[in-house]
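Data block below; observations after.
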Amino acid sequence: MAYGFFPSFFSVDASNDPYWQDKSKIENGRPFFKKYIPVIKQIAEAGWQPVTGATCNQESIRIERFGQKDNLFFTVRNSGNQNGNCILELDFSELGVSSNFTAYEMIDGQSVKVDSNHIYLNIPAGRTRVIRITNPG
């Protein structure tokens, strides 16, 4: 999800023990598909952007940007082994975003604290947050 890729379910040799032929695996994975695939689809359709226009104050945090100012998302991944508080700093001129934007975390379905050009996130170790930016201006 952090890179906007859909999951793949092949065995080690891509032919033995296919995921899609084991009903117990499919049913076990169904809640995850219902939760994550729509989010992955939305950010993938927005399109990956090579310039993030955002930085974070934590070294273990990885940021990817998807979309443009009217359809803008960030995936923010904590690749470290400790929970991290991240202050995501947006470059308004790069992103074309105004100072009255709002941020929404798509997985947990909650608004995110915003102050000026900063977004405040708590990201557990090994987890990814998906942030949607709404730019009313």
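None of the figures in this text is laboratory data; all of them are computed from the coordinates on show. Just so it is clear, the structure is predicted and the values come from calculations on it, not from any experiment. Positions of Cβ are generated from backbone atoms using ideal geometry, with glycine treated the same way; all protein chains shown enter the neighbour counts.
Loop-resident GluC sites (Glu not before Pro) (DSSP state other than H, G, I, E or B) in region 1-98 with no more than 13 further Cβ atoms inside 10 Å of their Cβ: GLU59.
Mind pulling the angle between the C-alpha long axis of helix 23-46 and the longest principal axis of the chain? Nearest 10 degrees, somewhere in 0 to 90. That helix lies at roughly 30 degrees to the long axis.
Take the Cβ-Cβ distance between SER116 and ASN81 as r, set R0 to 35 Å, and report the resulting FRET efficiency rounded to the nearest 0.05. Show your work: numbers first, answer last.
Values: r = 31 Å, r/R0 = 0.88.
Given R0 = 35 Å and the Cβ-Cβ separation, E is 0.70.
Using only side-chain charges placed at the Cβ, +1 for Lys and Arg and -1 for Asp and Glu, the dipole size of the chain relative to its Cα centre rounds to 340 debye.
Given an 8 Å cut-off on Cα distances and at least 6 residues of separation, report the relative contact order of region 32-73 as a percent.
The normalised contact order for region 32-73 reaches 39 percent.
Within the straight-line cut-off of under 24 Å between alpha carbons, the lysines reachable from LYS25 are LYS34, LYS35, LYS41, sequence neighbours fewer than 8 places apart in one chain being disregarded. With r defined as the distance between the Cβ atoms of SER11 and PHE32 and R0 fixed at 25 Å, what FRET efficiency is calculated, to the nearest 0.05? That pair, SER11 with PHE32, gives E of 0.85. A Förster distance of 30 Å, applied to the separation of the beta-carbon atoms of ASP22 and THR134, puts the FRET efficiency at 0.15.
Could you work out the relative contact order of the chain? I mean the mean sequence separation of Cα pairs under 8 Å and 6+ apart, divided by the number of residues, in percent.
23
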